[in-house]
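Asks: Can you read through this structure? Questions will come right after.
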Amino acid sequence: MTRLRPARLTAGVDEAGRGPLAGPVVAAAVILAPGDRVEGLADSKLLSAARREQLAVEIRSRCLGWGVGWADAAEVDALNVLQATFLAMRRALFALRSPPAHVIVDGNCCPTLAGFAFPCTIEAVVRGDGCVASVSAASILAKVTRDAFMRGLEERYPGYGLAQHKGYCTPAHLEALRRLGPSPVHRRSFAPVQSSVLP
């Protein structure tokens, strides 16, 4: 009798929140079941909020594993946004219950996997969130998770409109920064936040 070789598990990884002036960078890692096609996966930025929420529920229920990692505003300031993104990605991978054999990261560079307890290869795919299903799934989970967190921050730090713009650099956000100054969740290393610091 021939024994079937186990499928080589691949995790897709993507992030949400590199550009905002406030809040964390959130990364997600997703391992989809080989051959199980989740209809409607796409770059999260191209989907409506309602559709992202629907797909996030389906992804979590059908995938073989998923994990989420964070790097908060203080870590962004201390490390720079790229290294904070890599930190969030490593944390997302560490949160997976089943270790992948291969990782595909959206973008043109990868976090190091030093310290991982399992052998794993890694590659970067530019615009992977639009062409690699597991990366699309990770894009959706990262975006949904971060948006929910930013809605919660609106309650802790009212007046900035964090639930509406999710920390991005909108005119309303800049006006609130001028009026209120930065909150503890603002990224003080970002120039628009630095210029809003009250004397």
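The values are calculated or read from the model by the stated rules, or taken from the named source; none is laboratory data. These figures come from a predicted structure and were not determined experimentally. Note that each Cβ is placed from the backbone with ideal geometry, even for glycine, and that neighbours are counted across all protein chains shown.
Asks: Please find, within the range 186-199, the residue that is farthest from L162 (Cα to Cα) out of those that are in a loop (DSSP other than H, G, I, E, B) and touching a helix residue (DSSP H, G or I) at 6+ places or on another chain (Cβ under 6 Å). Walk me through how you get there before you give the answer.
Replies: First, pick out the residues of the range 186-199 that are in a loop (DSSP other than H, G, I, E, B): 187-190, 195-199.
This time we only want the ones that are touching a helix residue (DSSP H, G or I) at 6+ places or on another chain (Cβ under 6 Å), so: 187-189, 196.
On the way: R187: 13, R188: 16, S189: 19, S196: 16 Å.
The qualifying residue farthest from L162 (Cα to Cα) is S189.
Asks: Here's something else I'd like to know. Condition first: under 15 Å from the mean Cα position of the chain (by Cα), hydrophobic (A, V, I, L, M, F, W, C), more than 24 Å from A172 (Cβ to Cβ) and assigned to a helix (DSSP H, G or I). Can you find one or more residues in the range 22-29 that meet it?
Replies: Step one: filter the range 22-29 for residues under 15 Å from the mean Cα position of the chain (by Cα), giving 22-29.
Filter once more, keeping what is hydrophobic (A, V, I, L, M, F, W, C): 22, 25-29.
From what's left, more than 24 Å from A172 (Cβ to Cβ): 27-29.
Pick out the ones that are also assigned to a helix (DSSP H, G or I) and you get none.
No, the range 22-29 has no match at all.
Asks: Just give me the residues in the range 131-174 being surrounded by fewer than 24 Cβ atoms within 10 Å (Cβ to Cβ), hydroxyl-bearing (S, T, Y) and touching a residue at least 12 places away in the same chain (Cβ under 8 Å), in sequence order.
Replies: Scanning the range 131-174 gives T145, Y157, Y168.
Asks: Being polar (S, T, N, Q) and within 30 Å of R8 (Cβ to Cβ) narrows it down to one of T170, T112, so name that one.
Replies: Numbers: T170 fails: within 30 Å of R8 (Cβ to Cβ).
Matching residue, one of T170, T112: T112.
Asks: Hey, another quick one. Going through G12, G67, G35, G23 one at a time, which residue ends up being without any contact (Cβ under 8 Å) to a residue 40 or more places away in the chain and surrounded by 15 or more Cβ atoms within 10 Å (Cβ to Cβ)?
Replies: Values: G12 fails: without any contact (Cβ under 8 Å) to a residue 40 or more places away in the chain; G35 fails: surrounded by 15 or more Cβ atoms within 10 Å (Cβ to Cβ); G23 fails: without any contact (Cβ under 8 Å) to a residue 40 or more places away in the chain.
Answer to the check: G67.
Asks: Out of all the residues in the range 164-185, is one or more β-branched (V, I, T), in contact with a helix residue (DSSP H, G or I) (Cβ under 7 Å, 6 or more places away or on another chain) and outside any helix (DSSP H, G or I)? Working first, answer last.
Replies: The first filter runs over the range 164-185 and keeps only residues β-branched (V, I, T), leaving 170, 185.
This time we only want the ones that are in contact with a helix residue (DSSP H, G or I) (Cβ under 7 Å, 6 or more places away or on another chain), so: 185.
When the remaining residues are screened for being outside any helix (DSSP H, G or I), the result is 185.
For the range 164-185, residues β-branched (V, I, T), in contact with a helix residue (DSSP H, G or I) (Cβ under 7 Å, 6 or more places away or on another chain) and outside any helix (DSSP H, G or I): present.
Asks: Which residue is farthest from the chain's Cα centre (by Cα), if the candidates are limited to the range 32-87 and must be among the hydroxyl-bearing types (S, T, Y) and part of a helix (DSSP H, G or I)? Working first, answer last.
Replies: Looking only at the range 32-87, we keep the residues that are among the hydroxyl-bearing types (S, T, Y), and these are 44, 48, 61, 85.
Restricting the remaining residues to those that are part of a helix (DSSP H, G or I) gives 44, 61, 85.
Numbers: S44: 11, S61: 19, T85: 8 Å.
Once the filter is applied, the top-ranked residue is S61.
Asks: Separate question: What are the pairs, 6+ residues apart or on separate chains, where a residue within the range 103-117 that is more than 15 Å from A27 (Cβ to Cβ) has its Cβ under 7 Å from a residue that is surrounded by 14 or more Cβ atoms within 10 Å (Cβ to Cβ) and at pLDDT 95 or above?
Replies: N108/A124
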